[in-house]
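Beneath this line is the structure, given in structure tokens, with notes to follow.
The values are calculated or read from the model by the stated rules, or taken from the named source; none is laboratory data. All values derive from a computational prediction rather than experimental measurement. Glycine also receives a Cβ, built like all others from the backbone with ideal geometry; neighbour counts cover every protein chain displayed. The area values use the complete protein model at the heavy-atom level, side chains included, leaving out ligands, DNA and RNA. Shrake-Rupley method; radii C 1.70, N 1.55, O 1.52, S 1.80 Å.
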There are 2 protein chains.
Amino acid sequence: MLLFCFRILTVSDRVHALATDSKPRIAIIGAGFGGLQAALHLARLPVQITLIDRRNHHTFQPLLYQVATAGLSPAEIAAPIRWIVRGHPNIDVLLGEVQDFDLAQRRVKLPDLEIPYDYLIVAAGASHAYFGHDEWEPFAPGLKTIEDALEIRRRVLLAFELDERQAASGGPQQPLNFVIVGGGPTGVELAGTLAEISRRVLANEFTSIDPKSTRIILLEGGPRILLTYPADLSRSAEEQLRHLGVDVRTSTMVTDVEAGAVRMGESRLSAAVILWAAGVAASPLGKKLGAPIDRAGRVLVNPDLSIPSHPEVFVIGDLASLKDEGGKIIPGVAPVAMQEGRAVAGNIKRELHGEPRRNFHYVNKGNLATIGRAAAVAEFGKVHISGFLAWLSWLFIHIFFLIGFRNRIIVLIQWAWSYLTYERGARLITGDQTLPGWTVSKNKEP
Amino acid sequence: MLLFCFRILTVSDRVHALATDSKPRIAIIGAGFGGLQAALHLARLPVQITLIDRRNHHTFQPLLYQVATAGLSPAEIAAPIRWIVRGHPNIDVLLGEVQDFDLAQRRVKLPDLEIPYDYLIVAAGASHAYFGHDEWEPFAPGLKTIEDALEIRRRVLLAFELDERQAASGGPQQPLNFVIVGGGPTGVELAGTLAEISRRVLANEFTSIDPKSTRIILLEGGPRILLTYPADLSRSAEEQLRHLGVDVRTSTMVTDVEAGAVRMGESRLSAAVILWAAGVAASPLGKKLGAPIDRAGRVLVNPDLSIPSHPEVFVIGDLASLKDEGGKIIPGVAPVAMQEGRAVAGNIKRELHGEPRRNFHYVNKGNLATIGRAAAVAEFGKVHISGFLAWLSWLFIHIFFLIGFRNRIIVLIQWAWSYLTYERGARLITGDQTLPGWTVSKNKEP
């Protein structure tokens, strides 16, 4: 009974607080790594926070490729935003798509409501981009959301099934080529894991086709893969990929993408599945802030991550463009976004205490890119490592940062299981059972 | 090297076997409980089996409601068919949708190929049905596939989010009613679990709404829920549901379903989410066999599960209609399908050995229906139990029958976690962010 009264009091307290609030109101757009860190650090202050996201869940993007390649289930790398912030009564979570800002009136505009703010933190992130060729998207999905990952999983697994059916029916057979466009970390992860799937996981499960004859082709426009990594690690990653059977082609520019094929100038490469890991464009919300943006749509922020003329508006994460002391652009990775989220929270706290702001300094603790089972490259300052040790570091760091105790245990079990048995736990084809450019797609007709 | 030679030999062996095969060819349509049991038992004989399914995975249907209510991930209750039969080189798995049969020529017809057979086992199952009102489907999804479960999960979770946004925007508020049509095992499971979610899991995670005020309404046309169970267990189930806060309404016929509401004659009940658990119709493939069918489209089979005039064609599982010794129709549940699959395999074996067939006898080992956390009813012959003990039996029997060692461990962890913390691990909203009948759905417009 006492408990019950307590609950009633808590609820009415909060309703009251919302109605007559005189605490500073902070609106945060996006519950990715940056937005979430900002929210959780600000929640300790006497402020009222509204955290707005288009999705009800935070996605642990570094492991998205594992969902795309059937190793993990979506719920193992994503957690409901409400659940993450459940211990903080001064954070309101709102599912919705921000459409615009009224910077003069200090309001965030959603279609059906406006959120007033004293401070605004825009952490709306980035999506994959096709260099002005959005018509390529249906033929070459990218990997930024859970939905993207499920679509890639569907295409990859379905390609083997359709090829088996084509072979069984004696029809003309397409070469089972998987083409990945873009040799950054995502492209490398996808290529390495797909090679393992075809050569190990599915190797002996088909009758009419031999999955081991699958070709995994990684196309990179630049002179080497993992361009943002030191050259020795790029070389090591390329060797590890080749060892897994991946056909790595650098300095190869894709000029067109169509159903079932990519073109590089005159040459045409037919492909059962094409995956896009080449370009990133910042959220279109960046443009709506009226601040200067770079070519990728990122907002050029002040050293304290605020935007010109609006010290109360901050931009962080993949949507922000900032250079470090050496004049090098700070990369769009999770650790940067998290540090920026904490930095903005710190500056708002200082301001509330009447102290001056501090500029943001990125502390680079290292870079890791995984290639496959027990294969990775890692850079910790001057220390460069490759292979099993790099992979172990990658594994533990990523599991450590996964949100939710339950997720960590289950991901560890899934990983141990895959490692010991060469099996993948989430090999489900859901949704449409056809692929662009495949003739057996006529199966959908009555 | 020796291993490598061995692999080559195995593969060419199989190709050869396929081309010139003189072993009896068995085609099985559907890899549900019945089809899978038949395939796995037949695989021990000198026969060549083709197992055809529209999906690449076997779904453990008794736990689908757990996916629909965010407790489990799809991959935890589904396994790739190829993986399940991987140890049997005489089973070919084919992903495809059967369209017709040529019983005279003994061929299964797919759009792009035909599969010849000496024996045919049709185990194509059933789907949910709307009593001739297929126009209700968009407003009231049913629960038969992984896709159905994800759609229900999306609607349930999204309803709370949209209600929170409506409340935050001060707009007109819909009562947060969840209406479940049909008081069979699926309806009871959904109602009980949704009650727990609203009263426990989400209870304290929202600011503007109180999830505990959600109404869960279970509508049943018949005089009591769980009509196929003994009356005392129906009463017990109804009491357990009421205890969880479910509004159970028996003898209540739904006469119309529209976006956001159901009608029962003159009265209209508005509903944030409507779920359909009322009717089942057999696969349309039943009709194509030319055998007599019942009102629900099920094939009236001979006592040995073959169809009239075609002793080489068997129908099993939810697609078959057969009466037991007492003249009572054998229910469409997993244990029946599994026993039928084994019985058909046994009869084919007898025939290959020149022995006569035996008629099928269903051995009823008991019935279990779960209601929620530590709530269930169970019937083992004359022994009827309710509550925690029934739930424990249900839990262990279901986990025991889950396919795959890894799945069992992970499902047990998920369950223990949910039980201890009142949390659900798969609360993701994926896909479209709108609901039929909701005004905030305008959010999708630019």
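Of all the residues that make up the range B:310-358, how many are assigned to a loop (DSSP other than H, G, I, E, B), of a type outside the set (D, E, K, R), without any contact (Cβ under 8 Å) to a residue 60 or more places away in the chain and within 22 Å of B:L45 (Cβ to Cβ)? If you could, list the steps in order and put the result at the bottom.
The initial filter retains those residues of the range B:310-358 that are assigned to a loop (DSSP other than H, G, I, E, B), namely B:316, B:322, B:324-328, B:330-333, B:353-358.
Cutting the leftovers down to of a type outside the set (D, E, K, R) gives us B:316, B:322, B:326-327, B:330-333, B:353-354, B:356.
Checking the rest, the ones that are also without any contact (Cβ under 8 Å) to a residue 60 or more places away in the chain come to B:322, B:326-327, B:330, B:333, B:353-354, B:356.
From the residues that got through so far, the ones that are within 22 Å of B:L45 (Cβ to Cβ) too are B:353-354, B:356.
Of the residues in the range B:310-358, 3 are assigned to a loop (DSSP other than H, G, I, E, B), of a type outside the set (D, E, K, R), without any contact (Cβ under 8 Å) to a residue 60 or more places away in the chain and within 22 Å of B:L45 (Cβ to Cβ).
If you go through the range B:360-375 and pick out every residue that is among the hydrophobic types (A, V, I, L, M, F, W, C) and in contact with a Pro (Cβ under 7 Å, 6 or more places away or on another chain), you end up with 2.
Looking at the range B:222-245 only, could you name the residues that are under 23 Å from the mean Cα position of the chain (by Cα) and aliphatic (A, V, I, L, M)? Matches in the range B:222-245: B:I225, B:L226, B:L227, B:L233, B:A237, B:L241.
Quick one: would you say A:I209 is within 14 Å of another protein chain (Cβ to nearest Cβ), surrounded by fewer than 23 Cβ atoms within 10 Å (Cβ to Cβ) and among the β-branched types (V, I, T)? Reasoning before the result, please.
Numbers: within 14 Å of another protein chain (Cβ to nearest Cβ): yes; surrounded by fewer than 23 Cβ atoms within 10 Å (Cβ to Cβ): yes; among the β-branched types (V, I, T): yes.
So A:I209 passes the test.
Apart from one condition, B:D118 fits all of (1) within 21 Å of B:R342 (Cα to Cα); (2) charged (D, E, K, R); (3) within 12 Å of another protein chain (Cβ to nearest Cβ); the exception is (3). Selection within the range A:417-438: residues that are more than 8 Å from every other protein chain (Cβ to nearest Cβ) and part of a helix (DSSP H, G or I). The member of this set that is surrounded by the fewest Cβ atoms within 10 Å (Cβ to Cβ) is A:L420.
For the range A:270-286, enumerate the residues that are within 21 Å of the chain's Cα centre (by Cα) and outside any strand (DSSP E or B).
In the first step, residues of the range A:270-286 are kept if they are within 21 Å of the chain's Cα centre (by Cα); the result is A:273-286.
Those that are within 21 Å of the chain's Cα centre (by Cα) and outside any strand (DSSP E or B): A:A277, A:A278, A:G279, A:S283, A:P284, A:L285, A:G286.
Listed by first and then second residue, the pairs with beta-carbon distance under 9 Å, at least 6 apart or on different chains, first residue in the range B:390-416 and more than 9 Å from chain A (Cβ to nearest Cβ), second open to solvent by 50 Å² or more (accessible area, probe 1.4 Å) and among the aliphatic types (A, V, I, L, M), are B:L395/B:L412; B:I399/B:L412.
Would you be able to tell me the number of residues in the range B:156-178 that are in a loop (DSSP other than H, G, I, E, B) and among the basic types (K, R)?
Of the residues in the range B:156-178, the ones in a loop (DSSP other than H, G, I, E, B) are B:169-176.
From what is left, the residues that are among the basic types (K, R) are none.
Going through the range B:156-178 one residue at a time, the tally reaches 0.
Taking the listed residues A:A291, A:A261, the one that is crowded, with 16+ Cβ neighbours inside 10 Å, touching a Phe, Trp or Tyr at 6+ places or on another chain (Cβ under 9 Å) and not charged (D, E, K, R) is A:A261, with no other qualifying.
Residue-by-condition table, conditions (1) open to solvent by 30 Å² or more (accessible area, probe 1.4 Å); (2) free of Cβ contacts under 8 Å to residues at least 24 places away in the same chain; (3) out of contact with any Ser or Thr (no Cβ under 8 Å at 6 or more places or on another chain):
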site	(1), (2), (3)
B:R44	yes, yes, yes
B:V67	no, no, no
B:P80	no, no, yes
B:G87	yes, yes, yes
B:L103	no, no, yes
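Among the listed residues B:L94, B:L72, which satisfies the condition of being among the aliphatic types (A, V, I, L, M), part of a loop (DSSP other than H, G, I, E, B) and within 14 Å of another protein chain (Cβ to nearest Cβ)? Going through B:L94, B:L72 in turn, the sole match is B:L72. When the range B:212-244 is filtered for residues that are among the aliphatic types (A, V, I, L, M) and touching a residue at least 24 places away in the same chain (Cβ under 8 Å), the ones remaining, listed by number, are B:I216, B:I217, B:L218, B:L219, B:I225, B:L226, B:L227, B:L233, B:A237, B:L241, B:L244.
Only one of the numbered conditions (1) surrounded by 20 or more Cβ atoms within 10 Å (Cβ to Cβ); (2) farther than 30 Å from B:I81 by Cα; (3) modelled with pLDDT of 95 or more is not met by A:Q99, and that is (1).
Restricting to the range A:112-129, give me the number of residues that are open to solvent by 40 Å² or more (accessible area, probe 1.4 Å) and either without any contact (Cβ under 8 Å) to a residue 12 or more places away in the chain or part of a loop (DSSP other than H, G, I, E, B) (or both).
Of the residues in that region, 1 qualify.
The set of residues in the range A:417-427 being under 21 Å from B:H57 (Cβ atoms) and without any contact (Cβ under 8 Å) to a residue 12 or more places away in the chain consists of A:W417, A:T421.
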